[in-house]
Every structure is written in C-alpha cells, then in structure tokens.
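Quick notes on the structure that follows.
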Amino acid sequence: MTTTLATYRTPRLGPLGTAAATVIVAAVVLAAIGPALTSADPNASDFAHAYGAPEPGHALGYDGQGRDLLARLLTGARTSLLGPLWVVALSMAVGTVVAIAAAWLGGWLDSVVSAVLEVMFAFPGVLLAMLVAAVFGPGLTSAVLALAVAYVPYIARLVRSAALAERRKPYVQALEVQGAGAVAICVRHLVPNLMPLITAQATLFFGYAMVDLAIVSFFGLGVQPPDADWGVMVASGQSGVLQGYPAESLLAGGSIVLLVVAFNVLGERLSDGRRAPRPGWFPRRGGVS
Amino acid sequence: MTEAILQVEGLRKTFGESVAVADVSFSLRPGGALAVVGESGSGKTTVARMIVGLERPTSGRITACGHDRSELPRSARERRRRGGEVQIVFQDPYSSLDPRQSPAAAIDEVLRLHTPLDQAKRRRRVAELAELVGLDERQLAALPARLSGGQRQRVAIARALAAEPRILILDESVAPLDVSIQAQVLNVLADVRERTGIAYLFISHDLAVVRQVADDVVVMRHGSIVERGPAAQVLDEPRHPYTRLLRASVPGPGWRPARRTISKETR
Amino acid sequence: MTGVLDLNGLTVRLPGPDRPVLDDVSLSIAEGEALGLVGESGSGKSMTVRAIVRLLPAGAQVEGVVRVGGVEVGSLRGAALRELRAVVPVVFQDPRAHINPVRTIGDFLTEGLRTHRRLSRRSAEDRAVRLLDEVGVADGQRRLRQYPHELSGGLLQRVMIAAALLAEPRLLLADEPTTALDVTTQAEVMAAVDELRRERGLAMLFITHDLELAAAVCDRTAVMYAGRVMEVRASASLHEHPLHPYTAALAAARPSLERRADRLATIPGRPLSAFEAPDGCAFADRCAHIRERCREERPALRPLGDGQVACVRAEGLQVVFRD
C-alpha cells in the first residue's frame, strides 16, 4: 500500500527570505528606539542649515527647511510602519471573518458576500483613499480606513476558498458530527490552520499598503506636514531634487523601496505559492484569480 | 426482536439530476454489526453521511436511539445529543485529525463537549480510551504528522468513542491500512464492541473484512439495495447476480481472473 | 542465468538517512514469467520498480547490478535510457497522474508510433484500436477521440496498459495497477493483463500489497520487508506453505472470505522502512519465532525447497506453519 505521508511543514525562508526578515526586524527596531538615537528634534527648523551637509550630531544632514534628516527619517519610520500595520490588521480581520462566515454558512449569505466582494473589486484602493480624503478631509486615519476597505475583497476571496477546502476535511467534519458549535470549530481549528496562509498574505499586503499609503501621503492627502512620514518626505524633497539636493527624497524613497521589497520577498517565502493578487490602482476588469 | 437502535427508511438523496441513493431501508440492532457493501458510486458513503448529518436526505427517515434525525438539529443541545448517539470514523487517516492538535487534546476536546468531567477525570478517561485502542503515552502527545496511518486511525476511533456513542459508523476506515495494521485495528474494534456493547455500521467494499466484522450485510448498487441477509449467507450463497459477481471478483486461493470482459460502459 | 530481468545486490541509498531504502535486493524474471512483489508500506517494492527504470529521486545512489534482457541498465544515458523506458513500460496505480488531461486518448496512444516509428496517422490509429480491443476496450475508434476525464478509472487503466504494449515489450512493470479500482473492475483488468501476457509471452513484475492477488496472477511471488527480500517461491506454495515467519504472519493477518476468525492473528508493531530496520533480521522485533542470533546476524537469502528464504529458522518453522 502506497500512502504519501502528508507532512506538516513550516516554509523555509532561505537566505533571501532571512535577509528580508532581518531588514524588517531592523526597521521595526529603529522605528521603536529611533528617536533615542539622535538628540535632534525632527520638527525643529533651522533655515540657516537648509540642505546642509552631514555634520557631527546630524549624520544625514538637513532638509530644505533645515530639519535634521536622520531624526525625520526615524520618526517617519513610525508612521510609515504603523499606517500599513493598521491597514493590514483591519483588512485581515474583516476579510477573514467575512470569508469564514461565508464559507461556513454557505447558501444565500455566501452568494451575497461574493456579490458584494465582486463590486468592491471595482474600487482601487488609492483612488478610494483620495476620494475619502477629499470628502472627509485629508489625514492618515481616512487613508488607512479607505485602503483597508479596498483590500478586504482580496483577502476575503483567498481565505474563503481556503476555508471551503479546509471545511471539507474529515477532521472538521468529525467535529461537526461530534456536535461542536460552528464558532468553536472555526476559532479553535479552522482559523489556526488557515493562519500560515493569512500571515503570508498579511506580510505581502503590508508591503502593498506601504506603497499605497506613501502615494496618498505624497499627494498630500495622507499624513499631513509637518509630521514626518516617508511619503511626505519624498514629496517635500522634490524641490530639493530640482536644486541638486536629492538626499531627502532618496533616503525616504529608498527606505520605502527597501522595506516593500523585504515584505514582498518574505511574504512570497511564507505564502507557499498561494497569494491574492496585488490590489490594483485601477478598477479590475473581470474576475480575479 | 429487539427494537432497532438505528433505523433508515426510504432514504433518498439526489444531487441535481443524478440519484445517489434511491429508496434505501435497513435497521441495526443494539450491539449489532451491519455492513453496507458496494463499489464506488453505489451510494454507500452518501448513506453514512446522511446518517451523521453531513448531508441532508432528499426524502426518507433516519431514526437513531429513538430520535428522528432526518432534519437539521434545532438547538446546540440537540446537536450534542446526536453526537453522543452516532459517531463516524472516516477513510482517510491523514486528514482525519487537526494537524495542530495532539491526540490527547483531540480526545479531551470531545470529552469537554460531551461529559461534565473535570480535568483530572478527563485525563484519566483519555488514558483509558488510548489503552482501549492501543495507543501509548508518547503517541498521545505527538502531533499527527509524527504518527503512522494506523496510529492516526486509532486516534480517530478513540476520539469517536469518547462521545460514548451507541452507534459507530466506519466508512472504509480500515481500507487504507497495511494488512498487519488492519488486523490490529479490526481486533480493537471487536474488543470495543465486546466491552461497550456499541453497534457498528461498516461501509466497505472489502468482502473479507466484512466477513470478519459484520453479522449482517446489505449490498448496494447504483443507489439501491440489491441483496441483504446474514453475512455468512450473503457471502456463501449470494443470490443476486451482482453479489455473485462481487464475490467472484475477490482474488483468493485458486482464483483466476475469469476472462477478458469487453467493457460495456457507455462513458 | 540471463532472464528478462536480473537484479543482483541492488542497493539504493537516498540522501539523508545513512541506511539504504533498498538493501541487497536480488531477483530475476525469466522469459514470459510473472513475478509478484508483495510488501507493506516502506517495504521498497515501488522503489525497486523505480530503480529498474532509473526513475529515482535526485541524489539517490545505486549499487548492485540491474540487467534488462542481459543489458546493464546502470550505465545507460540519454537516448539509450529513453529507449529502455520505452521497452520496459511501467503501469502505475493512478493513471490520471500519468496522462496529459488536455490531449485525446488517440494523441496519447499514437504519438510515439507516429514520431518514432514514422507510421501514418491512419496506420497508427489502426494499431491503437487493435491494442485497445486486445485489452478489452471495445469501440476503439470512438475512444481515440475522447479525453481522459471522459473515461472511468478502469477504462483509463486499460488504455495505459495498451500504451505500455505499443513498443512490444518483453517485460511489463506494474506498480499496484488495480489498487485504485473497484474489485469487479480489478478482476476484469487483471483478466485482460493475464490473457495478454500469456498470448504474447510477456514477462511481468507485478507490485501489490495483496498477497492473494499476487498468488492468483503470478507464477512466483517475492515478499519484501524493510527494503529486503524475505522470501521468493512459486506463488501457490508461498501462499499455502510460507517459509518465512513474515510471509506466514502476513497471510494470517488478512481476514478470510471463507470464514470468520475468532480473532485475527496480528503482527505486533508496525511495518518498518528500510532505514529504520535493526541490524540482524529486519523483521526480528515483530517476529514470534525470534532467537538470539536473529538480532546478531543478518540472514542471507538462501535456497530452500522450491525457492529462497531469508530466515535462519526456516527449516524448523516449516513444520509449524503447516499446521
């Protein structure tokens, strides 16, 4: 009798995945302890030092308003990481709950959820965020909420199909036959077994959210100056670029690119090949996946 | 004749146009062992799934332990009661267990659901059930990935027995096991029946296994029962041509695959 | 002696465990003979087939000699290896995994004939239809235009057998070809294989977990355990009068269709894979007839009666098993 042993394996990160994880951990640590690394005030302007070169105590020099670049970069790391964290946490929580409810209860609920998700696919996150900012006023909160809403269908679609497959497995059916409640089965068995998938998607979507939030902030509709944020810094560094001082835009943009790539690589390694498509900036044509 | 512990009357299930089960009736006496025999597509597994409530019958009546279970349970309490009446062990030992849960935790979860026992008593009960099916301490604590198919199937049996059901359905549960392991599990099942007076409904295609474990047999084909009777009688003196064909198809001493049949399948 | 297939001391090591997965396997198949290879999970029976046609996992190390029709297989490369696989076809358990689902049965059966043998479409199809008829598939012309998903498992397995016969092989390797089929379909497919084999003088290595099926369709049966051959002899006598304790225990553990046993004779423990096997006899820990020396020395496969057995106590146990 030939039976293939279904092994339960944790994904291997490999050298690239490990490097990506290291970059992410380093960024989080820097964002957490960052402001302690420099005595400079990120919001203190000193126009005498506008576009000033690096000097002792100001390792990266100054921006166009004479603010310490290192201090702004480190403070900006906080908003740049916290924003996507909220987007991901909200969209994952809502997407997972909706998906599992639809998969478990099936019937008309599943049909309704699927139809609603289909409509939501039509709203590109960035445009939605800008629309929300235009209506309710710019700010990080509205951008985060809008993006979270836009990401939900992508998460929900993937989790729903995985939950459907999981639900058909004998171990779940054995629990149903035992008379265990649906919520207990979902919370204790279904969700934990979907966690690897959800974690991988969360990692990938963190990267996407970072780019999308940076874009929104770049256009002045997200984080509001003078608060430091990498998207804001890329925008405010523009005039410096034209005058031959690209440091601010380059540093902020480079940080974004580095982290987005790191999240993408790590998410890819964790995802085992199953991943939701990248939420688009334009309405999607037809169905996805 | 004692009252049946499981009674199935006029059971029917259709999936769209196709009829999976057409008018099936049988009964199982307390402590009895009935085998539903058939090949793939005979509808035998659909019958099992309807009895445990994983499929809803299109029509017909299922009564277990005196309670009707043709309709969905109306309360959490009724759902649990049904769980304590009929349990099932599935065919595939590899997906029958939550990959993140040790056998001890899986059995304990069922005990918490069905019994008022405290933690210490549950632990003792887990040990008893493990002993009943022949699992040791180390296997009880291991994750399913570290257990063999036979060990996992024992866990599935112990987990089903934890609800102290009066009826246990075994849906091809020993089919994927190695011969030497299959014999161990079949003996365990015989011991459990002797000790607890549980009734078995075996869903199987394997006539030799059926002979070993069942008192009575119903033979299904294309959703209907074609023959029924005591196991020895049906297997030794099959009357329906299909039962004869099944019997003649089992390789054994002196068996020669008869002749090259030209397949008349239309597909 | 040169047969259709000769294995001599075949040992296969996979990367990782230091013990081999196939351990000193020696078997031979004569012209037109059918040899059954019976064993439980991890016995190495499927690995033996893979070693013969060199379909082993990457990094596998092979020792010993495999000869097909007197030609050593170990040194073959490239075109010669493909030629070997064409003349020693394998029929696997799951036909659907071995056929392209988007091509028709006709494409599958005639591709080789048309590209390698340069037959016209017409004559290739005629040949395929004749072969389908021989394996018991009527209405071949229609079948050729169908896709794999339109055929039942039993029909598809017959198509695979027909495909295996296209190159007019002298040896067929069958790895649990009927395990996934219903019993009645299994009987039909085995009948077709059996007749074809006799008509064509085709030799066969038949892998199965079913001792009785092997006894029914094979001239001789070999029993494997933990990557080693435990016993080989004429199927009838192996089944009736096993010499190795494992063979005897395996036969006794299987329920009988004829009568109900009070209790099945079980083998304690679980089947071991070769890399878990102890020194000495691989079956020692589960054997009811163990002696001290069984753990110390590894019993060699030696001639006894009408076959070979790898047990130091075989002579003495002969009497025990007869009762």
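Nothing in this text is a laboratory measurement; each read-out follows from the coordinates by a stated rule. Predicted, not measured: the structure shown is a model, and the values here were computed from it. All Cβ positions, glycine included, derive from the backbone under ideal geometry; neighbour counts span all protein chains shown.
What the table shows:
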read-out	value
Other protein chain Cβ atoms within 10 Å, averaged over every residue that makes up C:211-220	3
Count of lysine pairs in the protein assembly as shown with Cα separation under 28 Å (8 or more residues apart, or interchain)	5
Relative exposure of B:Lys13, B:Lys44, B:Lys121, judged by other C-beta atoms within 10 Å (fewest first)	B:Lys121, B:Lys13, B:Lys44
Cβ-based charge dipole, the protein assembly as shown, positive-most Cα from A:Ala214, C:Ala128, A:Val87	C:Ala128
The protein assembly as shown - Debye-derived log10 I(q)/I(0), Cα point model, q = 0.07, 0.09, 0.11 Å⁻¹	-0.72, -1.05, -1.31
Dipole of the protein assembly as shown, positive end: most advanced residue of A:Pro226, C:Ala248, C:Ala288 [Cβ charges, Cα centre]	C:Ala248
Student exercise, segment C:92-166 dipole from Lys, Arg, Asp, Glu Cβ charges, in Debye to nearest 20	300
For A:Phe136, C:Phe283, A:Phe219, order by how many other beta-carbon atoms lie within 10 Å, fewest first	A:Phe136, A:Phe219, C:Phe283
Segment C:92-166 - Kirkwood radius from inverse mean 1/r over Cα pairs (Å)	12.0
Under the span-like rule (Cα at least 24 Å along the axis, Kyte-Doolittle mean at least -0.5), DSSP H helices of chain A	A:14-33, A:69-105, A:140-167, A:191-218, A:247-271
Nearest-20 debye value, chain A charge dipole, Cβ charges on Lys, Arg, Asp, Glu	1260
All-pairs alpha carbon distance profile, chain A, 5 Å steps from 0, percent	1, 6, 11, 14, 15, 14, 12, 9, 7, 5, 3, 2, 1, 1, 0, 0, 0
Helix-only [θ]222 nm of chain A, DSSP H runs n ≥ 4, -39500 (n - 2.57) each, per residue, nearest 500	-22000 deg cm²/dmol
A:Thr79, C:Thr104, A:Thr22 arranged by Cβ crowding within 10 Å, fewest neighbours leading	A:Thr22, C:Thr104, A:Thr79
Theoretical FRET efficiency, 1/(1+(r/R0)^6), r = Cβ-Cβ of C:Glu168 and C:Glu240, R0 35 Å, to 0.05	0.50
Within 10 Å of each Cβ in B:169-179, the average number of Cβ atoms from other chains	4
Calculated P(r) of chain C - Cα pairs past 26 Å, %	49
Computed [θ] at 222 nm, deg cm²/dmol, chain C (DSSP H ≥ 4; -39,500 (n - 2.57); rounded to nearest 500)	-10500 deg cm²/dmol
Rotationally averaged projected area of segment B:6-249 (alpha carbon convex hull; nm²)	13.3
Prolate/oblate/rounded label for segment C:1-80 (Cα gyration tensor, a/c 1.5)	oblate
Where N is the number of residues in segment A:148-253, Cα Rg divided by 2.2 N^0.38 Å	1.69
Relative contact order %, chain B, counting alpha carbon pairs below 8 Å whose residues are six or more apart	25
Cα-centre dipole for chain B with unit charges at Cβ (Lys and Arg positive, Asp and Glu negative), debye to 20	360
